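Below is one structure; the comments refer to it alone.
The values are calculated or read from the model by the stated rules, or taken from the named source; none is laboratory data. The structure presented is a predicted model; accordingly, all values stated were derived computationally and were not measured. When we count neighbours, we look across all protein chains shown, and the Cβ atoms used for this are built from the backbone with ideal geometry, even at glycine.
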Amino acid sequence: MSEDRIELTGEQRMLLQIRDTLYEGSWEDFVTDLRRRADGRPHVFETVALSPAMKATIAQHLGLIAQMQAWEHDLGHPLQAELIPKPFALTITVFPPSIDRGPSKDH
């Protein structure tokens, strides 16, 4: 990594966008939520049913987040999604607690 240029993968860009959108820029809140999701505890959003593959993906995402946090530490400021080219679109649907989404596939 050079201090003037950081090349992120699409997955890293997605995680950065989720951090900024759902967690108001907080890696700590994002990591806590991912760990809660992996443990089957209440969490902010659900994309697919929890499975061994999803747990592996969460572990991978936690590793990518740790890497980006280290970059932020080295740079002395947070990575900002608006400064990084976005070759993808991210759509997140957030359901208010009052909407019944039907039975969970986890149960």
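General observations
- One residue stands out in the range 49-66 among those that are over 19 Å from GLN12 (Cβ atoms) and either over 14 Å from the mean Cα position of the chain (by Cα) or of a type in the set (Ser, Thr, Tyr) (or both): the one that is modelled with the lowest pLDDT, namely ALA49.
- Residues of the range 1-55 that are among the hydroxyl-bearing types (Ser, Thr, Tyr), assigned to a loop (DSSP other than H, G, I, E, B) and exposed (fewer than 13 other Cβ atoms within 10 Å of the Cβ): THR9, THR47, SER51.
- Entry remark, the range 67-107: residues being more than 26 Å from PRO42 (Cα to Cα), at pLDDT below 90 and either small (Gly, Ala, Ser) or in a loop (DSSP other than H, G, I, E, B) (or both) number 12 in total.
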